[in-house]
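The structure appears below as structure tokens.
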Amino acid sequence: MKVVVLTGAGISAESGVPTFRDADGLWEGHRVEDVATPEAYEASPAAVHRFYDARRAALDAVAPNPAHTALARLEAALGDGLLLVTQNIDDLHERGGSTRVHHMHGELRSALCRGCGGRTPWTGDLGDFPPCPSCGVTELRPDVVWFGEIPYGMDEIQDALAEADLFVSVGTSGAVYPAAGFVQYAAGYGARTLELNLVPSDGSHLFDECRHGRAGDLVPAWVDELLASLGGDSRP
Ligand code: BV8
């Protein structure tokens, strides 16, 4: 059984991580283009660092929820039959027990050097422009994919979508591409598609099945159901 799961901000909402578009969402008070574009960084690195340093520091106060831990159980059962792709830059999937998480939009707890291109695990602030541990230049930026930039690992993701028996989208509004196009891509190669989201997303009409509710309820129930249907032979 080959499964691709795509997650968005909605899976971390019950952990206390603000989503983007919901009321009091991340974009409240911040115009996307003012904080999540290369142009914004050129214009004011300090302002952009303030935005991401605050989100990085806030990770200390949140913890994974049952939706994260259920996907870790699924990984344990399916092995590399599962590709877990997330748009989220938090580390709650890993702290929930998932060991192979594809952060297509980057990670808060990582720094990217504009000098040498190196990516370094990073937990503190970047707003004080510390030197890059590898090349020493003070050109470290948040290791996140900004609008207009190419997401990480698109080839591996597209290969997995083309081979998937099942594509499942969890907690995403389907407003940002190329992630919002995965359902059609996978369906085009014959995958069955399922949406698990609080409310219908912009792409609900594209899915074979939609279940609406909280990820903390829907995801554990779906994982139990899938593993029960696979009986013992869950590994590919
Ligand atoms: C690119 C990192 C070329 C930074 C992010 C085609 C058409 C139109 C536009 C484009 C297009 N192709 C490209 C574009 C431009 C752009 C784009 O999509 N613009 C949009 C605004 C129209 N895309 C890009 O620029 C991308 N780059 O295209 O490069 C390319 C492409 C392919 C191959 C080669 C080259 C780069 C986009 C990445 C930008 N970086 N994040 C940061 O985080 O600060 S995007 C960021 O916003 C997130 O990562 C995520 O992707 C998106 C937010 O969406 P969600 O995660 O879904 O969050 P949201 O709040 O919207 O929704 C939450 C959902 O959860 C809601 O539905 C809610 O109801 C639900 N929910 C809430 N609580 C719960 C819940 N569900 C369940 N349980 C709950 N408890």
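General observations
- Length-normalised contact order for the range 149-236 - Cα pairs under 8 Å, 6+ apart - percent: 24 percent
- Label-to-label distance, nm, for residues given as R114 and A47 (7 Å Cα→Cβ offset): 1.5 nm
- Scanning the chain for cysteines with no neighbouring cysteine C-beta under 4.7 angstrom from their C-beta gives C210.
- With contacts taken as Cα pairs under 8 Å and at least 6 residues apart, the chain reaches a relative contact order of 24 percent.
- Overall, the anisotropy analysis places the chain in the prolate class: the square-rooted eigenvalues a ≥ b ≥ c of its C-alpha gyration tensor yield a/c not less than 1.5, with a/b exceeding b/c.
- Here the range 100-236 carries DSSP beta bridges of which approximately 45% are antiparallel, counting only pairs with both residues inside.
- Rg to Rh, two decimals, where the range 109-199 supplies the alpha carbon set and Rh follows Kirkwood: 1.12
- Annotation: amide H of M104 within the under-5 Å range of T86, sequence separation 5 or more or interchain, hydrogens built in the peptide plane.
- Order by protection proxy (mean Cβ within 10 Å, highest first), peptides 64-76, 207-219: 64-76, 207-219
- Per-residue 3J(HN,Hα) values for the range 182-195, derived from phi via the Karplus relation 6.51 cos²θ - 1.76 cosθ + 1.60 with θ = phi - 60°, read 4, 4, 5, 4, 5, 4, x, 9, x, 6, 7, 10, 9, 10 Hz in sequence order (x marks Gly and Pro).
- Within the range 45-177, percent of DSSP bridges classed antiparallel, to nearest 5: 70 percent
- Beta bridges by DSSP in the chain, antiparallel share as percent, to the nearest 5: 25 percent
- Shown in residue order for the range 71-88 are the 3J(HN,Hα) couplings computed by the Karplus curve 6.51 cos²θ - 1.76 cosθ + 1.60 at θ = phi - 60°: 5, 5, 5, 5, 4, 4, 7, 8, x, 7, x, 10, 10, 9, 10, 10, 8, 6 Hz (x for Gly and Pro).
- The order of the peptides 158-167, 10-19 by mean Cβ neighbours within 10 Å, most packed first, is 10-19, 158-167.
- Note on A54/V32: beta-carbon distance plugged into 1/(1 + (r/R0)^6) with R0 of 22 Å gives a FRET efficiency of 0.85.
- Computed about the Cα centre, the dipole magnitude for the chain is approximately 220 debye when only Lys and Arg (+1) and Asp and Glu (-1) carry charge, each at its Cβ.
- Paramagnetic reach from D208 in the range 171-185 [backbone N under 18 Å; point 7 Å along Cα→Cβ]: 182-185
None of the figures in this text is laboratory data; all of them are computed from the coordinates on show. As the structure is a computational prediction, the values presented were derived from the model and not from experiment. Cβ: placed from backbone, ideal geometry, glycine included. Neighbour counts: every protein chain shown.
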